[in-house]
Each structure stands twice: as structure tokens, then as C-alpha cells.
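Participant: Quick one: the structure is below, questions incoming.
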Amino acid sequence: MNNFARQLSQSLEEMYDRASSCEDGLLSPVSIDRGLQLLEKLGYPKDLLKNLPPSNLEVAFPCANPLPRIISLAPETILDLGCGTALDAFFCVRSLPVLQRLTGLDVSSKLLSKGKDLLQQFPTEAEKISLLQADLNHLGNYQLETSELILMNGSFNLIFDKREFFKTLIYLLSKDGTLLIYDFILTEDLPPGFSDEVDNWLWNIGGALNATDLEKIVTDAGLAIIAINELEHIDPVARCEIIITHPTKLSEKINPSTQ
């Protein structure tokens with residue numbers, strides 16, 4: 001691991017640990033939508049939100065609502081990379097009767113602690129969920145089972161070496177599985193030197209790729225992009241849903257309007 005990647009992993013852990021108790025936004029003085037306001041804006045079902053502790057909702061900062069797509073895919077096993085306080089994990093168990101196992105990984109021990117506290121209040125859901133502190137930039141160091149669906153809701157652009165990352169993912173994704181990414185895609189070039197600053201990676205921009213570069217990395221890893229669905233355009237990026245699978249599944253149609 002080079003020095004930049006090491007610094008990125010350390011900064012991510014520190015940032016999200018601080019975010020777990022920040023009252024004025026993700027990190028003061030920068031204020032972005034989060035919590036119940038963000039979850040409702042993204043279309044998370046209100047019936048799933050109403051009984052959850054405010055302390056868990058206030059530290060939620062997903063990139064999108066993945067539930068409609070996940071429900072349409074109906075996986076029995078899920079690997080949630082960058083699970084935070086396990087809200088998506090909890091929602092998936094509540095929404096998918098067929099779900100047998102969900103494993104959530106996150107770099108922040110404090111976010112995971114909030115997730116574990118949440119699950120203690122819902123023992124039926126907790127039986128299907130395992131939470132593990134892990135550095136996604138070293139995903140290959142962990143013994144993980146293959147899953148039918150791998151979810152990355154706002155965590156993909158925080159991966160330093162994406163080529164190496166996909167080499168690991170291909171062994172974690174079942175042959176009939178789907179990799180579901182919600183993150184930013186570049187719509188124009190970033191200023192020179194922008195991606196050399198760790199702080200610019202922490203907001204999911206410094207590590208963003210354009211669609212062409214992403215497709216090449218995915219293809220080189222032996223996977224294939226089914227669709228890149230734009231959810232919101234905010235130059236120099238677009239917030240997108242990215243659906244990836246093994247090439248043998250390319251003949252299957254996935255409705256782009258599900259999200």
C-alpha cells in the first residue's frame with residue numbers, strides 16, 4: 001500500500017468516526033444533507049423510517065436509495081461494502097423475505113457501533129446480519145463468502161486502486177450475481193492536481209472516474225456493465241446507479257426505470 005492509499009484509509013476512518021457524532025452536517029463547517037431529511041429526499045419508504053431511533057437516522061448519508069433495485073433483483077445473499085450504521089442492511093432484511101444472509105463492512109468502528117446498537121432492538125432482523133470493521137482498500141485481506149448481490153452505496157469512489165479492487169470483487173460475486181454501485185461519475189475533467197489531495201477523495205469526487213475509464217477497468221477485470229443510470233447531474237459529476245455483472249448475464253434485461 002503506497003503512502004497516499006494509507007493516508008486515504010486513515011482519513012476515511014477518522015472522518016466517519018467524527019461524522020458519527022457531528023451535529024451540524026457530515027463535518028463542520030461543510031454542511032450537506034443527511035439523516036431523515038436526506039433519506040426522505042432519496043425516497044426511502046417512510047414506513048421503514050418511522051420506528052428507527054433518531055440517533056441512527058441523523059448519521060445516514062447514502063448516495064441513493066437502492067431498495068427498489070435490490071427488491072427487483074431479490075438476492076438471497078448480500079455483501080454491503082461501506083454499510084455505515086447498517087440502515088441499508090436493516091431495510092434490505094425488512095424488504096426481502098427471501099434474504100438469508102447479509103454481511104456489512106465499514107472502516108468506521110463508531111458507525112458500526114451505532115449499527116450494532118440498532119440491530120439489538122430488532123433481533124429478528126439481526127439474525128441475518130453480520131457487521132465487520134474492514135478497510136475496503138484492502139478487501140482481499142478478509143475471508144468473505146460469495147454473495148448474489150454486492151452493494152456499494154457511496155463507497156466506490158473512496159477506493160484507491162480500483163483495478164485491484166475489482167480483481168477481488170470478481171471472486172466475491174456469485175456467477176449469477178450483480179454488483180450495484182451508487183456513486184458519482186465524472187462528466188468533465190477535474191482540475192490538474194485535484195485528485196492528488198486526499199481531502200478531495202473524502203467527498204467522493206477525487207476518486208471518481210468517467211464512464212469510459214470505468215468500463216475499461218470493469219471489462220479488464222472480467223465483468224461487464226449492464227447500465228449506468230443517471231440520477232442527478234451536478235457538473236463535474238453525475239450521481240449514478242451502476243449495474244455490473246458477469247458477461248454471461250448481459251442478455252438479461254434490467255429495467256432502467258426501477259430506481
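Participant: Once Cα extents along the principal axes in Å is worked out from the coordinates, which option in (1) 46, 45, 35; (2) 57, 42, 32; (3) 80, 48, 30 does it equal?
Facilitator: It is the value labelled (1).
Participant: Let me ask something additional. Tell me, Ser9, Ser155 in order of fewest to most beta-carbon neighbours within 10 Å?
Facilitator: With the sparsest Cβ surroundings first, the list reads Ser9, Ser155.
Participant: When Tyr44, Tyr171, Tyr182 are ordered from fewest to most other Cβ atoms inside 10 Å of their Cβ, what list results?
Facilitator: Details: Tyr44 22, Tyr171 9, Tyr182 25.
Ascending number of Cβ neighbours within 10 Å: Tyr171, Tyr44, Tyr182.
Participant: Just want the ordering: Phe194, Phe184, Phe90, from fewest to most Cβ atoms lying within 10 Å of their own Cβ.
Facilitator: Details: Phe194 13, Phe184 22, Phe90 25.
Ranking Phe194, Phe184, Phe90 by Cβ neighbours within 10 Å, fewest first, gives Phe194, Phe184, Phe90.
Participant: Another question about this same structure. Return the long-range amide H neighbours of Gly82 (sequence gap of 5 or more, or a different chain), with a cut-off of under 5 Å between placed amide H atoms.
Facilitator: It is Leu105, Asp106, by chain and number.
Participant: List the GluC sites (Glu not before Pro) within segment 34-89 that fall in a DSSP loop (any state other than H, G, I, E or B) and whose Cβ has at most 14 other Cβ atoms within 10 Å. Display every interim value, and only then the final one.
Facilitator: Values: sites: Glu40, Glu58, Glu76; in loops: Glu58, Glu76.
The qualifying sites are Glu76.
Participant: For q = 0.16, 0.20, 0.21, 0.22 Å⁻¹, what log10 I(q)/I(0) does segment 37-126 give under the Debye formula with an equal point scatterer on each alpha carbon and no solvent?
Facilitator: -0.59, -0.98, -1.09, -1.22
Participant: In addition: Lys/Arg Cβ at +1, Asp/Glu Cβ at -1, dipole of segment 3-249 taken about the Cα centre: which of Val198, Leu105, Ala208 is farthest positive-ward?
Facilitator: Leu105
Participant: Oh, and also: State the extension gain, in nm to one decimal, for the chain segment bounded by Val98 and Lys175, taking 0.36 nm per residue of separation less the distance between their alpha-carbons. Display every interim value, and only then the final one.
Facilitator: Details: separation 77, 0.36 × 77 = 27.72 nm, distance 1.86 nm.
Additional length available on full extension: 25.9 nm.
Participant: Between Tyr142 and Asp189, with labels modelled 7 Å along Cα→Cβ, what's the label distance in nm to one decimal, could you check?
Facilitator: Simple spin-label model gives 3.7 nm for this pair.
Participant: Follow-up. Using the Karplus curve 6.51 cos²θ - 1.76 cosθ + 1.60 with θ = phi - 60°, what ³J(HN,Hα) values do you get for each residue of segment 10-15, in whole Hz, with x for Gly and Pro?
Facilitator: 5, 5, 4, 4, 5, 5
Participant: Assuming 1.306 mPa s and 10 °C, estimate D for segment 59-209 with Stokes-Einstein, Rh taken as the Kirkwood radius over Cα pairs, in µm²/s. Display every interim value, and only then the final one.
Facilitator: Values: Rh = 15.9 Å.
Result for D is 100 µm²/s.
Participant: Tally the DSSP beta bridges in the chain and give the antiparallel ones as a percent, rounded to 5. Working shown, then result.
Facilitator: On the way: 19 of 40 bridges.
Roughly 50 percent of the beta bridges in the chain run antiparallel, per DSSP.
Laboratory data are not the source of any read-out in this text; all were calculated from the coordinates shown. Every value quoted in this text rests on a predicted model; they were computed, and no experiment measured them. We place every Cβ from the backbone using ideal geometry, glycine too, and count neighbours over all the protein chains shown.
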